[in-house]
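The values are calculated or read from the model by the stated rules, or taken from the named source; none is laboratory data. Because the structure is predicted, anything quoted here is derived from the model rather than measured. A quick note on method: Cβ atoms are made from the backbone with ideal geometry, for glycine too, and the neighbour counts reach across all protein chains shown.
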Amino acid sequence: MDVGLMLHGDWKFRIEHKGIKIYSSKVNGSDIHGFKGEAEMQVSLKKLISLFHDMPSYNRWVHQLVEMHILDKTDPLEYVVRQIIKTPWPLQPREVIMRTGLTTAGGNSVALTMKAEPDYLPDNPEYHRVRHATGMWVFRPATAGAVNITFVMHIDPGKDVPSALSNAGMFEVPFYSLNNLKALIKDATYNPPYPEEIEHHLALIDDTAEKL
């Protein structure tokens with residue numbers, strides 16, 4: 001996945017609220033727009049990585065997430081996960097199966113990549129399997145104790161959802177997910193363990209002091 005291409009596409013600024021900036025971009029071959037959310041948060045890089053490895057807690061911050069399961073853990077940097085996303089009645093809940101990977105993104109930045117693998121499991125008639133989804137989270141250490149977070153995603157929820165409806169509601173996903181993430185980071189009682197095994201695969205420099 002080309003990190004630079006996704007981050008530096010033809011993004012149009014849409015709105016800023018509570019320190020979160022939202023952008024959209026047309027995607028070749030799709031009527032569904034991509035979205036990008038950006039925010040700076042007071043957190044160390046290692047704690048942020050710990051949070052993203054704490055998958056049982058994703059329902060505390062991922063917008064409209066009903067449940068999430070790890071289907072496969074190939075190595076400390078790669079997972080296959082299954083997510084069930086809440087949708088308004090009468091639409092079926094969306095089922096998204098994605099392969100995620102942690103990689104460097106230039107300098108001391110880290111990217112968590114995501115790509116749909118819709119045929120990883122047989123279809124479940126209770127859910128609508130999302131066939132097309134790709135995205136990433138990028139973490140760039142900024143000033144002492146702060147990280148710039150970018151969330152980029154393009155997801156086609158399916159033909160039963162009109163593209164105009166998808167595009168109208170797409171701002172909710174990055175805004176609410178980032179806003180919930182910020183609240184979780186500020187929760188002093190939340191301290192997920194750091195996955196020490198990733199140090200054998202990624203060289204991270206994290207000498208910033210947390211100021212939560």
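Would it be correct to say that Phe171 is crowded, with 20+ Cβ neighbours inside 10 Å and either among the aromatic types (Phe, Trp, Tyr) or more than 27 Å from Phe13 (Cα to Cα) (or both)? For Phe171, the condition - crowded, with 20+ Cβ neighbours inside 10 Å and either among the aromatic types (Phe, Trp, Tyr) or more than 27 Å from Phe13 (Cα to Cα) (or both) - is not met.
Quick check on this structure: which one of Pro88, Pro93, Pro76 is in contact (Cβ under 8 Å) with a residue 60 or more places away in the chain and more than 16 Å from Lys182 (Cβ to Cβ)?
Pro76
Yes or no: region 122-131 includes at least one residue that is closer than 20 Å to Leu202 by Cα and surrounded by 15 or more Cβ atoms within 10 Å (Cβ to Cβ). The answer is no; no qualifying residue exists. When region 94-120 is filtered for residues that are outside any strand (DSSP E or B), at pLDDT below 95 and either touching a Pro at 6+ places or on another chain (Cβ under 7 Å) or of a type outside the set (S, T, N, Q) (or both), the ones remaining, listed by number, are Ala105, Gly106, Gly107, Asn108.
Select from region 164-184 the residues that are hydrophobic (A, V, I, L, M, F, W, C) and at pLDDT below 95 and write down the one among them that is nearest to the chain's Cα centre (by Cα). Out of the qualifying residues, it is Val173. Met68 meets the conditions (1) in contact with a Leu (Cβ under 7 Å, 6 or more places away or on another chain); (2) surrounded by fewer than 18 Cβ atoms within 10 Å (Cβ to Cβ); (3) assigned to a strand (DSSP E or B); (4) not charged (D, E, K, R) in every case but one. The failed one is (1).
Here His63 meets each of (1) farther than 19 Å from Asn179 by Cβ; (2) in contact (Cβ under 8 Å) with a residue 60 or more places away in the chain; (3) surrounded by fewer than 21 Cβ atoms within 10 Å (Cβ to Cβ) with one exception, condition (1). Being aliphatic (A, V, I, L, M), surrounded by 15 or more Cβ atoms within 10 Å (Cβ to Cβ), in contact with a strand residue (DSSP E or B) (Cβ under 7 Å, 6 or more places away or on another chain) and farther than 18 Å from Leu77 by Cβ holds for only one residue in Leu178, Leu112, and it is Leu178. Listed by position, the strands (runs of 3 or more DSSP E) inside region 1-58 whose residues that are at pLDDT 90 or above and surrounded by 15 or more Cβ atoms within 10 Å (Cβ to Cβ) number at least 2 are 20-25, 34-42. A Cβ distance below 7 Å, combined with a sequence gap of six or more or placement on separate chains, defines the contacts here; from region 141-156, residues that are outside any strand (DSSP E or B) reach residues that are small (Gly, Ala, Ser) in the pairs Ala144/Ala209; Gly145/Ser44; Gly145/Ala209.
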